[in-house]
Amino acid sequence: MKAIIIEDEELSANRLQKMVEQHTAVEIKSIFYSVNSALKWLKENECPDLFFLDIQLGDGTGFDLLDSLESYPQVIFTTAFDKYVLEVFKYNSVDYLLKPIKSDELVQAIEKIKKVRGHNDLDSMISSLKSSFKSPFKKKFLVKIGLKYQSIPVDEIAYFYSESSTTFIKTRSGESTIADHSLDEILKMVDPDRFFRINRHMIVCDEQIESIDSYFNNRLILSLNPTYPEHVIVSREKVREFKDWLDQ
């Protein structure tokens, strides 16, 4: 199997080439550091069996490269960012490797090519990619209730709030339990597309916001489900970011 590497960082490209040659039977034909240099070579040479493709390149993105080609082989995306995982579904992606790439993950990706070959439908590729990508966000929070422990799925959480230096989880069913993490810590654990910190004391889930109204001093007031006993205010410095979050 023959491949090319498209990566704008020379050290990363050389490290990947060395790893591929040491741990797999793939032959690296060439390395390119930009979209334009790769396009020029591909127009003049036979297309290889595989692209190792970074996403953020100096003169564009890996997606720009693929969109410029009439056809292309299977692709292993190599990137330092996990935010593109949904976007790569529409491309002929075998895997999505996060830097720094580990040799065992690389070997698994190459082995996956053998399995993906012969499964050219989009559903098969999406299923293969999803199975190999671990979400960076928490799926559950373990809490202690009395002498027992309970695991609360994130999908059942309506909002997080703090009172008297204690952090609580409010579930969609209306139950409140003490969390072992601060709001600062929780904000890094949950999906920012679903949860937003509206002020110093509360992180809300977008699906649990029932209404939004203007409030004095250029703030907003929210109605949540389940209800919170006090006014739920979006602080003035958070209003613009909050609106952008809801309008994405």
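The values are calculated or read from the model by the stated rules, or taken from the named source; none is laboratory data. Just so we're clear, the structure is a prediction, and the values are computed from it rather than from any experiment. Don't worry about glycine lacking a Cβ; one is built from the backbone with ideal geometry, like all the others, and counts go over all protein chains shown. The area values use the complete protein model at the heavy-atom level, side chains included, leaving out ligands, DNA and RNA. Shrake-Rupley method; radii C 1.70, N 1.55, O 1.52, S 1.80 Å.
Worth a mention:
- Where labels lie 7 Å past Cα in the beta-carbon direction, separation of VAL107 and LYS138 in nm: 3.4 nm
- The protection proxy used here, the mean number of other Cβ atoms lying within 10 Å of each residue, ranks peptides 146-153, 223-230 as follows, highest first: 223-230, 146-153.
- The stretch between SER68 and THR227, if pulled fully straight at 0.36 nm per residue, gains 52.1 nm over its current Cα-Cα span.
- For the chain, DSSP calls about 65 percent of its internal beta bridges antiparallel.
- Surface composition of the chain: carbon plus sulfur atoms hold 47% of the accessible area, using a 1.4 angstrom probe and ignoring ligands, DNA and RNA.
- In the range 1-121, the DSSP beta bridges split such that about 10 percent are antiparallel, to the nearest 5.
- Efficiency of FRET from Cβ geometry, PHE89 and MET1, R₀ 35 Å, rounded to 0.05: 0.90
- Cα-based shape type of the range 202-248, given that a ≥ b ≥ c are square roots of the gyration tensor eigenvalues and the cut on a/c is 1.5: oblate
- The chain: angle of helix 122-132 to the longest principal axis, Cα-based, in degrees nearest 10: 70 degrees
- Spin-label pair LEU147/GLN56, simplified geometry with 7 Å Cα→Cβ offset, distance in nm: 5.2 nm
- Full extension of the chain between GLN22 and ARG172 gives 48.9 nm of extra length, using 0.36 nm per residue less the Cα-Cα distance.
- Segment SER235..SER34, full-extension length gain: 68.0 nm, with 0.36 nm per residue of separation and the alpha-carbon distance subtracted.
- Taken along the Cα-to-beta-carbon direction at a fixed 7 Å, the label points for ARG200 and PHE81 span 3.3 nm.
- Based on protein heavy atoms only, the chain ends up with 58 Å² per residue of surface accessible to a 1.4 Å probe.
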